[in-house]
1. Can you tell me which residue among A:189, A:159, A:213 is more than 14 Å from chain B (Cβ to nearest Cβ) and surrounded by fewer than 23 Cβ atoms within 10 Å (Cβ to Cβ)?
2. If you check residue B:54 against the conditions, is it assigned to a strand (DSSP E or B), in contact with an Asp or Glu (Cβ under 6 Å, 6 or more places away or on another chain), at pLDDT 95 or above and not acidic (Asp, Glu)?
3. From A:87, A:136, which residue is of a type in the set (Asp, Glu) and modelled with pLDDT under 95?
4. What residue, of A:107, A:142, is surrounded by 18 or more Cβ atoms within 10 Å (Cβ to Cβ), at pLDDT 95 or above, more than 14 Å from chain B (Cβ to nearest Cβ) and in contact with a Ser or Thr (Cβ under 9 Å, 6 or more places away or on another chain)?
5. Within the range A:1-37, which residues are closer than 30 Å to residue A:84 by Cα and either assigned to a strand (DSSP E or B) or free of Cβ contacts under 8 Å to residues at least 60 places away in the same chain (or both)?
6. Taking residue B:180 and the conditions (1) more than 14 Å from every other protein chain (Cβ to nearest Cβ); (2) in a loop (DSSP other than H, G, I, E, B), which numbered condition does it fall short on, given that it satisfies the others?
7. Can you name the condition, by its number, that residue B:289 falls short on among (1) closer than 19 Å to residue B:175 by Cβ; (2) loosely packed, with under 15 Cβ neighbours inside 10 Å?
8. Going through the range B:54-77 one residue at a time, which ones are surrounded by fewer than 19 Cβ atoms within 10 Å (Cβ to Cβ) and of a type outside the set (A, V, I, L, M, F, W, C)?
There are 2 protein chains.
Amino acid sequence: MLIRAFIPAHITAFFVPKFNENPLLAGSLGAGINLTKGTNVFVSVEVESVLEKHVHIAFNGEPVKRKDAIISYSVAEEVTPQEFKGEVEIWQYFDFPNGYGFGNSAGGALGTALALGYYFKNKTFLQAAQIAHKHEVLNKGGLGDVIAQIHGGIEIRIKAGAPGIGIVDNIFSEEYKVLAIPLGRLSTKEVLDSDIIRTIEKEGQKALRRLLKNPTPENLMHLARDFAENTGLLNGELLEIAKEIDKLIKLPSSMIMLGKSLFALLREEELPKVQERLRDLGIDSYHICGIYNERPKVGRWIG
Amino acid sequence: MLIRAFIPAHITAFFVPKFNENPLLAGSLGAGINLTKGTNVFVSVEVESVLEKHVHIAFNGEPVKRKDAIISYSVAEEVTPQEFKGEVEIWQYFDFPNGYGFGNSAGGALGTALALGYYFKNKTFLQAAQIAHKHEVLNKGGLGDVIAQIHGGIEIRIKAGAPGIGIVDNIFSEEYKVLAIPLGRLSTKEVLDSDIIRTIEKEGQKALRRLLKNPTPENLMHLARDFAENTGLLNGELLEIAKEIDKLIKLPSSMIMLGKSLFALLREEELPKVQERLRDLGIDSYHICGIYNERPKVGRWIG
């Protein structure tokens, strides 16, 4: 039996990290957007007369070693019943590159948890999602992606924590297109371990307060840009490109936290000019998608 | 501008009422199912140079007086900004009859809150949903429907309270059809005020514990039926009809809490025989729908 789960990519606009020794209480405050592109996870389970369970994981069709997919391996081992003997194959396909701030590791972990939960029926939805969150946090994949992804839409994390513990709100939004430009990797760990963390906390709290007072997508983009510039994270070439885009659209563009990537909300009619400018700038790898307002999907896959 | 919101019908399988003087802390524990049929709310807002705001509500095309739609009127007045002057028209269309246990009042209240929140952009999703929950509770429309409806699917309410306060989990479920047979009204107030309430609390807690140990749709139906019979709510003619249906399908049918209504989970291939038997029993008013696994929908409506 083949199960498929779709988890939206999640981009963070601003955030406040909340560390805790208990991974279920760790998480983040902040706001972000779930996208119509993301991670598809296909899981095939074969019950076999072998002595143990074997878990195999592949990224975009290529088998990966345990250490390179430690989060999803850990999730698969915990969600699969202890007494299960057989083969579990997990195929993860990503619409965005890894490490650029699109929540791929959370997408793979959550998709794995939901697909296996669906197959084995031994966990509830929140129990499966908590396992994904836990291994994300323990392995520093991310703090707030999993809980954001289970809510969809433009989300505001108002209380940090795992699914079932943290609280996520949503902003009402009309039809916007999301432009996402992955330009490079950024080490989350390096940023979180640096002095910048104080400024991130202060600016993140300020942005959250202001967004809750005026909860609109337009206000979100202004606050995101202020956060990106005030923390110093958006600078150099990335800032130059952001300014070029800003000349052509109504709302400010901003930086995806944490990747060397940009995003913007724009109207259908603003697209052609932006695409032309991106071509002039020599940027040919970008994505245009919608806001994903649904829950993750999981179900039996009939090719 | 015309806004449309769709809110799934919500049927309760078993429950434990949790009363509280603070309506945001009141709610229920229990489990239920969100359906692909439910309530459509269309909202039209006209800004006009009048001295005050006017709210008009219609049920299935017929204007209703304030006292007959007190929950939705209260929601509309609270979500609409105080300074707004003009006309607010709210058209609610119900797939199921009112008072039979399908969460219509919550559907109307939540649909109204989300549509107006979408239009005025002055509230977040949870703020709008909390207003719907509050007026549901204050006017004894229901305790757990609103929070169940915002999660969709087969849901388990594991902590009582309003959206953002209560916690709702979900069960993974394969493709089942839901048969729903509305047979009559039942006064929620009368049941909650009677001696039966002690038994409901005891049986509801027991069912919840057992469901969390084995969170499957199949177990849910067994527990629902035990709850319905052990509380004495399922009896007489309703119980006779349930037993007739049970002869034809794998899982036990049960009673919708709280209405004189029955429901069952069944496979596509079990349908024809059940429909034939219902015809023989002279029951021609029943619904066959799917499990609604999404969030409520709200957006601009372009006829």
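1. A:189
2. In short, no.
3. Of the residues listed, the single one that is of a type in the set (Asp, Glu) and modelled with pLDDT under 95 is A:87.
4. The match here is A:107.
5. Listed by number, the residues that qualify are A:2, A:3, A:4, A:5, A:6, A:7, A:8, A:22.
6. (2) is the only condition that residue B:180 fails.
7. The single condition residue B:289 does not satisfy is (2).
8. B:54, B:56, B:60, B:61, B:62, B:63, B:65, B:66, B:67, B:68, B:77
The values are calculated or read from the model by the stated rules, or taken from the named source; none is laboratory data. Only a predicted model underlies this, so the values are computations on that prediction, with no experimental measurement involved. Neighbour counts run over all protein chains shown; Cβ positions are idealised from the backbone, glycine included.
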